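Student: This is the structure I want to talk about, given as structure tokens.
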Amino acid sequence: QKEVEQDPGPLSVPEGAIVSLNCTYSNSAFQYFMWYRQYSRKGPELLMYTYSSGNKEDGRFTAQVDKSSKYISLFIRDSQPSDSATYLCAMSGRHDYKLSFGAGTTVTVRA
Amino acid sequence: DSGVTQTPKHLITATGQRVTLRCSPRSGDLSVYWYQQSLDQGLQFLIQYYNGEERAKGNILERFSAQQFPDLHSELNLSSLELGDSALYFCASSVDGGSNTDTQYFGPGTRLTVL
């Protein structure tokens, strides 16, 4: 079993819809949680970062962490065609700075 | 543009060969990370260097080695290449690499194809 599980999709939604992405993890040492966005043929770029349970908002993006369930989510409101990309969750331990990534979910937002 | 550069963009080689991938971190970043991205394994951490010293090791094969030079650029050497080594290799850099809040910035990657 992988440390980080993420449904690879693909996910296709109409423009303006809410996109919901999630990851589960098994390593209770993970304390820091990130979401990266990767466009085709590009490197991943950091979207959001959080280390506490609860919600964190940044514009149209909301990251949610539930440490008791070992479950994290990313919501994209009012999705745009420019949001079409692969979204990867990543996490690390308190003193372990290497990132463990999920498989990535490919999202397509249809105009 | 993240500011991290990687060369070459594409590399095609044969089994048994050796290749070198190069990475230049963002200006001012002291830490460099190498990752491998393949369809079946996803994005996997290989190794981290901080200011020339190895700091952390992940799922890096013995056939692979890396180093960080005094000018902070890094090279990843892959030898005795196998078909299964075909993947995207990413370099990332961060200011320090000693904190969980230290953002890693990824380069555009090198696509390696082993025939």
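Student: Let me confirm something: among A:82, A:68, A:92, which residue is hydroxyl-bearing (Ser, Thr, Tyr) and either touching an Asp or Glu at 6+ places or on another chain (Cβ under 9 Å) or closer than 22 Å to residue B:48 by Cβ (or both)? Show your work before the answer.
Tutor: Working: A:82 fails: either touching an Asp or Glu at 6+ places or on another chain (Cβ under 9 Å) or closer than 22 Å to residue B:48 by Cβ (or both); A:68 fails: either touching an Asp or Glu at 6+ places or on another chain (Cβ under 9 Å) or closer than 22 Å to residue B:48 by Cβ (or both).
After ruling out the rest, the residue left standing is A:92.
Student: Considering only residues that are facing chain A (nearest Cβ under 9 Å), in contact with a Pro (Cβ under 9 Å, 6 or more places away or on another chain) and within 10 Å of residue B:32 (Cα to Cα), which ones fall in the range B:75-100?
Tutor: Selection gives B:91, B:92, B:94.
Student: Checking the condition surrounded by fewer than 15 Cβ atoms within 10 Å (Cβ to Cβ), outside any strand (DSSP E or B), away from every other protein chain (no Cβ under 14 Å) and within 14 Å of the chain's Cα centre (by Cα), which residue from B:61, B:72 passes?
Tutor: Criteria check complete, one pass: B:61.
Student: Go through A:42, A:56 for me and flag whichever is in contact with a Pro (Cβ under 9 Å, 6 or more places away or on another chain), at pLDDT 90 or above and within 14 Å of chain B (Cβ to nearest Cβ).
Tutor: A:42
Student: Okay, moving on. Look through A:68, A:73 and report the one residue that is more than 12 Å from chain B (Cβ to nearest Cβ) and without any contact (Cβ under 8 Å) to a residue 40 or more places away in the chain. Give the steps one after another, and end with the answer.
Tutor: Details: A:73 fails: without any contact (Cβ under 8 Å) to a residue 40 or more places away in the chain.
Sole residue among the options that is more than 12 Å from chain B (Cβ to nearest Cβ) and without any contact (Cβ under 8 Å) to a residue 40 or more places away in the chain: A:68.
Student: Mind checking which residues of the range A:59-68 are at pLDDT 95 or above and either in contact with a Leu (Cβ under 9 Å, 6 or more places away or on another chain) or small (Gly, Ala, Ser) (or both)?
Tutor: A:59, A:61, A:62, A:63, A:64, listed by residue number.
Student: Still on this structure, please answer the following. Which one is farthest from the chain's Cα centre (by Cα), of the residues in the range A:79-98 that are in a loop (DSSP other than H, G, I, E, B) and at pLDDT 95 or above? First the steps, then the outcome.
Tutor: Taking the range A:79-98 first, the residues in a loop (DSSP other than H, G, I, E, B) are A:79-80, A:84, A:94-95.
Subsequent filtering for residues that are at pLDDT 95 or above retains A:79-80, A:84.
Working: A:79: 15, A:80: 17, A:84: 14 Å.
Filtering first and then ranking leaves A:80.
Student: Still on this structure, please answer the following. Does the range B:103-115 hold any residues that are out of contact with any Leu (no Cβ under 6 Å at 6 or more places or on another chain), buried (at least 16 other Cβ atoms within 10 Å of the Cβ) and not hydroxyl-bearing (Ser, Thr, Tyr), and which are they? First the steps, then the outcome.
Tutor: Pass one, the range B:103-115, residues out of contact with any Leu (no Cβ under 6 Å at 6 or more places or on another chain): B:104-108, B:113, B:115.
Subsequent filtering for residues that are buried (at least 16 other Cβ atoms within 10 Å of the Cβ) retains B:104-108.
Within the range B:103-115, B:104, B:106, B:107, B:108 qualify.
Student: Same structure, new question: Residues being among the aromatic types (Phe, Trp, Tyr) and farther than 22 Å from residue B:36 by Cβ: count how many of those fall in the range A:34-62.
Tutor: Initially, the range A:34-62 is screened for residues among the aromatic types (Phe, Trp, Tyr), giving A:35-36, A:39, A:49, A:51, A:61.
Checking which are farther than 22 Å from residue B:36 by Cβ leaves us with A:49, A:51, A:61.
Here the count works out to 3.
The values are calculated or read from the model by the stated rules, or taken from the named source; none is laboratory data. Since the structure is predicted, the reported quantities are computational estimates derived from the model, not experimental observations. Neighbour counts run over all protein chains shown; Cβ positions are idealised from the backbone, glycine included.
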